[in-house]
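A.B. asks: The following block contains the structure, expressed as structure tokens.
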Amino acid sequence: MTLLLKVENLTVAYGKVEAISGVGLAIPEGRIVTVIGPNGAGKSTLLNAVMGLLPSRGRIVYAGQEVMQAKVEARVGAGLCLVPEKRELFAQMSVADNLLLGGYSRRHVRDDSRARDLDAMYTLFPRLRERHAQQARTLSGGERQMLALARALMARPKLLMLDEPSLGLAPRIVREVLEAVASLRDRGMSVLLVEQNARAALSVADYAYVLETGTVALEGPAREVAANPRVTETYIGVGHGAGAQREASTPLAAS
Ligand SMILES: Nc1ncnc2c1ncn2[C@@H]1O[C@H](COP(=O)(O)OP(=O)(O)OP(=O)(O)O)[C@@H](O)[C@H]1O
């Protein structure tokens, strides 16, 4: 199994406060790896550090190269891609224009691959095809998430990092988005999926890390993590449904 990303001993501090401390994780090619954990555990910080958006200490090896010193643009150019929690679409632009801008880095490619990719995105998310001329700001939450994901894919990333794609979405739409992510994995894409919705994330991931107060409290194959009684109790819990559980009542690390 070839590793696409290996993070070792990663530490990020905001001022004097460490948001993540000594975190390690690995993402094999063609797998979905999820990082679950409560509010403020450091999940977004981890993604931003891997993307190069925050100063950090430790080691990040991507596609066999040490990228700790690489700028964000270089990381994007090498195939790293982050879909942030806030989606950050071009609100006044149409769905189609948002997608075409997603492929902007490939604008010099002379063949028709961008047009083919656009069509592939509409096949992945038929709803975007129906709404291709609609302004992004008028889309529903689920459609926005689909557009954010599709726009990221237009750049043909190797590692897709998703920050809470389920946030604010109805359970049915969460399933639709995660099924699309699973189909991308089935075609070879590597995915780092950050989620508070542990149930949904563990149902689609191959491997999982539980992050608590900036450190890895537990890791393992997603099926095993989902079956761990402490995870069930704290993050999945009977009666919590598919919705995100915002706080961990009994952190694993404390028990
Ligand atoms: N720019 C910042 N300056 C200071 N502290 C920050 C900053 N960004 C995040 N933090 C703090 O770092 C910790 C980790 O935050 P982070 O957003 O990474 O957590 P998270 O697990 O993604 O949470 P959520 O699920 O709520 O998005 C939190 O205590 C947060 O308050």
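A.B. asks: When N is the residue count of the stretch 130-192, what does its C-alpha Rg come to as a fraction of 2.2 N^0.38 Å?
C.D. replies: 1.12
A.B. asks: Apply the Kirkwood formula to the chain: the hydrodynamic radius equals the inverse of the mean of 1/r over all pairs of different alpha-carbon atoms; give it in Å with one decimal.
C.D. replies: Final number for the Kirkwood radius of the chain is 18.6 Å.
A.B. asks: Size of the stretch 1-86 along its principal axes in angstrom, Cα-based, largest extent first?
C.D. replies: Here the spans come out as 34, 27, 26 Å, largest first.
A.B. asks: What would the Debye equation give as log₁₀ I(q)/I(0) for the stretch 40-178 at q = 0.22 Å⁻¹, counting only Cα atoms as equal point scatterers?
C.D. replies: Cα-only, vacuum Debye calculation for the stretch 40-178: -1.35.
A.B. asks: Next question, about the same structure. Return the calculated 222 nm mean residue ellipticity for the chain, to the nearest 500 deg cm²/dmol, obtained by summing -39500 (n - 2.57) across DSSP H runs with n ≥ 4 and dividing by the residue count. Please report the intermediate quantities before stating the final value.
C.D. replies: Details: 9 runs with 82 residues, N = 255.
The helix-only estimate for the chain comes to -9000 deg cm²/dmol at 222 nm.
Values quoted throughout were computed directly from the atomic coordinates according to the rules given, and no laboratory measurement underlies them. Computed from a predicted model, the values in this text were never measured in an experiment.
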